[in-house]
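Peer 1: Before anything else, here's the structure in question.
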Amino acid sequence: MPEGEQSSLLVVDDEPFNHTLIKRLLDAEGYADVSFADNGRQALDMLQESNFDIVLLDIEMPELNGFEVLESIKADLNHRHVPVIMISGVEDTESIAKCIELGAEDYLAKPFNATILRARLGACVEKKRLRDQEKSHLEQIRTEKKKADELLTVILPSSIASELKATGKVQPRGYDKVGMLFCDIVGFTNYCSGRSAEEVVTGLQTLFTKFEEITTKYNMEKIKTIGDEFMASAGLTNPDYEPLLTVVKCGLEMAAAAPEVSADWKVRVGVHAGPLVAGIVGDQKYQFDVWGDTVNVAARMAGAGNPGAVTMTHDSWLEIESECQGKMLGKMEIKGKGEIDVVECTGLQ
Amino acid sequence: MSSNVRAYNKASLFLLLLFTFVFSAGNLHADYKWNLPPGLPEPVIPQSNPMSVAKVELGRHLFYYKKLSLNGKMACATCHRQARAFTDGRVTAQGTTGEIHPRNTPSLGNVAYQPVLTWAQPKLTRLEEQLLIPLLGTQPVELGMAGKKKIIVRRLKRDPAYHSMFQAAFGDNKAVSLENMAKALASFQRRLITANSAYDREDLSLAAERGAKLFFGERLNCFRCHPAPFFTDSLTHVGLGFKEIAFHNTGLYNLAGKGAYPPKNTGLHAHTGQPEDMGRFRTPSLRNVAVTAPYMHDGSVPTLAQVIDIYAAGGRGPGRSNPHKSVFVSGFNLTSIEKSDLIAFLTSLTDETFLTDPRFSDPFTNPLK
């Protein structure tokens, strides 16, 4: 009975006398939320205005008869799932069959019998409850999936995310020329001591949010952050014909932005451009990542530079010098490459 | 009765000659994809007439081809209408010359699973043979082409569209022949599979669910002769050990109190002469039954409600005491609500997609592609 009390019913019948009768029967069964319509047209209007759990529909009505109302309900995508119980004559088997064919859930024969009314409504409420449960379960799955998808595009470059969604995996692939950028905070350890963890995290968050803004502006891809280190690329999933220049410009802007976020923040940036391999690691928790010499060199450059500058190899410098200002930092030992000349860029020309 | 037998014998004599050289053609299209709904077994296909897409499509064009009748006004589809699950809505069929057939036109849905064809012909097992009866039969005249076989072939040859369809289906220049026509028509009819009703989709209304309980229950016993999934106890399919063939007397008549049925419609008895076979007919499938009225072998019952009344009474009038009546037709009590529930269930066996599937429709008014 509590189920019944929660259900809202619409009774469509052209006989006022039947309204009273049905109301009394439904009251006795605990159905409190009952509305009445005198004809088919009114019923269809009421259905547009509010939601009903069950419709009790008389077959024989002037103007719009029960068949026509039933057909309209079943043709309306918003209401076709509302169960309809037809009210019919006892011997009216042909009409009943027709209604079932048109999608009615059940029928009630006149004169009404309380036991049957109770059973029919009860079964209908129960069936609707199960159906709704199934539906909300499906909806839940759908929203969770949507959330996961959204999360995916936050974690992964969007073209990679789409491939992952579509095929369930991402092929690792090699790129000929990608610009890599590493940016780390000078004296982060010092900064941390004497500050609460919360303060540190909030500060980092503000800074990295700013960095993301800048990379997005340059159409670059954020790869990841590792502690106080921020890592991004140019020309990986978004085409870029001068990825080195892009990462240099981006690096300069980041270096300039950091003190604006907080006077304590100073960053140094290392860049490099060249071939690399990109792909996804992990199965449950995806992590997009890049590998190769280009990545290692860029990371080393970041470690070698001065605060507020963008550091790169001399070979890289030759590529962009026409656009930039900079100075030689000297030679540096790089694993697998021996001694290399390193240049720091301090601004654009 | 004797005239019926003679018609049947004439046809079978002709067939004997025909099939000695007909069913030896090569296997042109070995892998036919049925795409059957889940759970449905594959129909048995004669080795001499494997299925192919081209044959089915040619068969469809023949099924709706009015020039297969003497006066060019009637096709198979005139009596077997898709919207009525390939029945005609008439009490009994009427041929192209106006002659009345003694029997009601049966549905062709799932005919591929029938081990024996028509209302009661125990020896008629192949669709390739059956269609020669309406085409060439004279007892009664249906399409009226008796003695006009050459005309049929000539008409088809003269039509370039048919000529090329025959070639596509049978792959040689002499493809247009009565034999190949029979094969293509049979292939099309085997394709007429219906299994997408609310019952199949497990989407029964509450009323129909109650009706199903009655139908499959011991009180009414309907399922004994109309078992799921084909709703008939006449059945053959791939993997079935032996063909299930059954004929029953459901107590519709009892002429002169001697158990007899009307002379032109004595059922199995017309073919066996056995007294106990009087009034025994093959159980019709109940799929799409809501659109195939009127009912029974002679169309003598107009509505489903009346069919149920007859079963509830254990037969019709004096037929109730027909000595050959099946023990499963012994009557039962049914409230009017239960009757409506049972009808709601029978109505839920209607497969709307089957009744409107463009692949089975008239190619002249509804060409594919």
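The values are calculated or read from the model by the stated rules, or taken from the named source; none is laboratory data. As the structure is a computational prediction, the values presented were derived from the model and not from experiment. Heads up, the Cβs are rebuilt from the backbone with ideal geometry, glycines too, and the neighbour counts pull from every protein chain shown. Just so you know, the surface numbers come from the protein's heavy atoms only, side chains and all, with ligands and any DNA or RNA stripped out. Shrake-Rupley method; radii C 1.70, N 1.55, O 1.52, S 1.80 Å.
Peer 1: Not counting ligands, DNA or RNA, and with a 1.4 Å probe, what is A:Phe188's accessible surface area in Å² rounded to the nearest 10?
Peer 2: Surface open to solvent at A:Phe188 totals about 40 Å².
Peer 1: Another one. Which sequence of A:Thr202, A:Thr216 reflects their accessible areas, 1.4 Å probe, from the largest down?
Peer 2: A:Thr216, A:Thr202
Peer 1: If you take the Cα Rg of the stretch B:151-272 and divide it by 2.2 N^0.38 Å, with N the number of residues, what do you get? The partial results should precede the final answer.
Peer 2: On the way: Rg = 22.2 Å, N = 122, 2.2 N^0.38 = 13.7 Å.
Rg over 2.2 N^0.38 Å, computed on Cα atoms: 1.63.
Peer 1: Straight-line reach from B:Lys243: which lysines fall under 18 Å, measuring Cα to Cα and dropping same-chain residues less than 8 apart?
Peer 2: Within the straight-line limit of under 18 Å, B:Lys243 reaches these lysines: B:Lys123.
Peer 1: Place a point 7 Å from Cα of A:Lys127 in the direction of its Cβ. Which residues in the stretch B:197-216 have their backbone N less than 15 Å from it?
Peer 2: B:198-214
Peer 1: Could you work out the local net charge near B:Asp172, counting Lys and Arg as +1, Asp and Glu as -1, over the other residues with Cβ closer than 15 Å to its Cβ?
Peer 2: Details: positive: B:Lys55, B:Lys157, B:Lys174, B:Lys183; negative: B:Glu179.
Result for the local shell: +3.
Peer 1: For the stretch B:3-194, give the percent of accessible area contributed by carbon and sulfur heavy atoms, probe 1.4 Å, rounded to a whole number.
Peer 2: So the carbon and sulfur contribution to the accessible surface is 55 percent.
Peer 1: Run the numbers for A:Phe17 and A:Ser193: contour at 0.36 nm per residue of separation, minus the present Cα-Cα distance, in nm.
Peer 2: On the way: separation 176, 0.36 × 176 = 63.36 nm, distance 8.33 nm.
Full extension from A:Phe17 to A:Ser193 adds 55.0 nm.
Peer 1: Of the accessible area of the stretch A:170-348, with the probe set at 1.4 angstrom, what percent is carbon plus sulfur?
Peer 2: With neighbouring chains kept in place, the figure for the stretch A:170-348 is 48 percent.
Peer 1: Around A:Gly89, which amide H atoms from residues at least 5 apart in sequence, or from another chain, sit under 5 Å from its own amide H, with H modelled in the peptide plane?
Peer 2: A:Lys110
Peer 1: Helix-derived [θ] at 222 nm for chain A: sum -39500 (n - 2.57) over DSSP H runs of at least 4, divide by residue count, nearest 500?
Peer 2: For chain A, the value works out to -15000 deg cm²/dmol.
Peer 1: When all protein chains stay in place, what accessible area (Å², nearest 10, 1.4 Å probe) is found for B:Met74?
Peer 2: 20
Peer 1: If you don't mind, there's one more thing I want to ask. Per q in 0.11, 0.18 Å⁻¹, report the Debye log10 I(q)/I(0) for the stretch B:206-350, using one uniform scatterer on each alpha carbon and no solvent.
Peer 2: -0.41, -1.09
Peer 1: Something else now. Give, as a single signed number, the net charge of other residues whose beta carbon lies under 11 Å from the beta carbon of B:Thr92, with Lys and Arg counted +1 and Asp and Glu -1.
Peer 2: 0
Peer 1: Now a separate question. For an R0 of 35 angstrom, estimate the FRET efficiency from the Cβ-Cβ distance between B:Ile45 and B:Arg154 and round to the nearest 0.05.
Peer 2: 0.70
Peer 1: Further question on the same structure: Let's test this: bin the Cα-Cα distances of the stretch A:3-138 at 10 Å from zero up to the farthest pair and state each bin's percent.
Peer 2: All Cα pairs, binned at 10 Å, distribute as 12, 47, 36, 5, 0 percent.
Peer 1: Multiply the residue gap between A:Ala256 and A:Thr115 by 0.36 nm, knock off their C-alpha separation, and tell me the result in nm, one decimal place.
Peer 2: Value of the extension gain: 42.7 nm.
Peer 1: Moving to a separate point now. Would you mind getting me the FRET efficiency between A:Thr167 and A:Asp264? Use the beta-carbon distance for r and R0 = 45 Å, nearest 0.05.
Peer 2: The calculated FRET efficiency here is 0.50.
Peer 1: I've got another one for you. Enumerate the whole-percent occupancy of each 20 Å bin, from 0 to the last occupied one, for all C-alpha pair distances of the protein assembly as shown.
Peer 2: It works out to 14, 29, 22, 20, 13, 2, 0, in whole percents.
Peer 1: For chain A, take the alpha-carbon Rg, divide it by the Kirkwood Rh, and send me Rg/Rh. Numbers along the way, then the final one.
Peer 2: Numbers: Rg = 35.0 Å, Rh = 25.8 Å.
Reported Rg/Rh (Cα atoms, Kirkwood Rh): 1.35.
Peer 1: Further question: Say the dipole of the protein assembly as shown comes from +1 at the beta carbon of Lys and Arg and -1 at that of Asp and Glu; which of B:Gln121, A:Val34, B:Leu62 then lies farthest toward its positive end?
Peer 2: In the protein assembly as shown, that residue is B:Gln121.
Peer 1: Subtract the Cα-Cα distance of A:Ser50 and A:Lys217 from 0.36 nm times their separation in residues, and report this length gain in nm to one decimal.
Peer 2: 55.4 nm
Peer 1: Please work out the C-alpha center-to-center distance from the stretch A:176-211 to the stretch A:1-65 and express it in whole Å.
Peer 2: Here the two parts' Cα centres lie 65 Å apart.
Peer 1: So if we plug the beta-carbon distance of B:Arg201 and A:Asp293 into 1/(1 + (r/R0)^6) with R0 = 56 Å, what FRET efficiency do we get, rounded to 0.05?
Peer 2: Result of the calculation: an efficiency of 0.40.
Peer 1: Considering only DSSP beta bridges whose two residues both sit in the protein assembly as shown, what percent are antiparallel, to the nearest 5?
Peer 2: 70
Peer 1: Taking a 1.4 Å probe, which of B:Arg201, B:Arg224 shows the most accessible area, and what order do the others take after it?
Peer 2: Largest accessible area first, the list is B:Arg201, B:Arg224.
Peer 1: Leaving ligands and nucleic acids out of the surface, order B:Ser285, B:Ser205 by accessible area at 1.4 Å, largest first.
Peer 2: So the residues, ranked largest to smallest area, are B:Ser285, B:Ser205.
Peer 1: What are the extents of the Cα atoms of the stretch B:74-189 along their three principal axes, listed from largest to smallest and rounded to whole Å?
Peer 2: Ordered largest first, the stretch B:74-189 gives principal extents of 42, 32, 29 Å.
Peer 1: Can you compute the charge dipole magnitude of the stretch B:233-297 about its Cα centre, using +1 on each Lys and Arg Cβ and -1 on each Asp and Glu Cβ, nothing else charged? Give it in debye, rounded to the nearest 20. Mind showing how you got there, number by number?
Peer 2: Details: 6 positive and 4 negative charges, 32 e Å.
The calculation lands at about 160 debye.
Peer 1: What nm value, rounded to one decimal, do you get for the distance between A:Glu94 and A:Thr206 when each label is placed 7 Å out toward the C-beta?
Peer 2: For A:Glu94 paired with A:Thr206, the spin-label model returns 8.2 nm.
Peer 1: Once you put a point 7 Å from the Cα of B:Lys73 and another 7 Å from the Cα of A:His81, both along the Cβ direction, what distance in nm separates them?
Peer 2: Label at B:Lys73, label at A:His81, 5.3 nm between them.
Peer 1: Roughly what would the spin-label model give for B:Ala312 and B:Lys243, points 7 Å off Cα along C-beta, in nm?
Peer 2: Going by the 7 Å Cα→Cβ label model, 3.7 nm.
Peer 1: In square angstrom and rounded to 100, what buried accessible area do you get between chains B and A, total over both, with the probe at 1.4 Å?
Peer 2: The buried area between B and A, both sides summed, comes to about 1400 Å².
Peer 1: Moving on to the next point. Looking only at Cα atoms, what is the convex hull volume of chain B per residue, in Å³?
Peer 2: Enclosed volume per residue, from the Cα hull, is 138 Å³.
Peer 1: Another question about this same structure. Quick check for me: using +1 on Lys/Arg Cβ and -1 on Asp/Glu Cβ, what's the dipole size of the protein assembly as shown about its Cα centre, in debye to the nearest 20? Display every interim value, and only then the final one.
Peer 2: Values: 78 positive and 85 negative charges, 1024 e Å.
It comes to approximately 4920 debye.
Peer 1: So, one more: Using a 1.4 Å probe on the protein heavy atoms only, what accessible surface does A:Lys169 show? Give it in Å² to the nearest 10.
Peer 2: For A:Lys169, the solvent-accessible surface is approximately 120 Å².
Peer 1: Then there is this: Please give the charge dipole size of chain A, origin at the Cα centre, charges +1 on K and R Cβ atoms and -1 on D and E Cβ atoms. Round to the nearest 20 debye.
Peer 2: Numbers: 36 positive and 57 negative charges, 315 e Å.
Rounded to the nearest 20 debye, it is 1520 debye.
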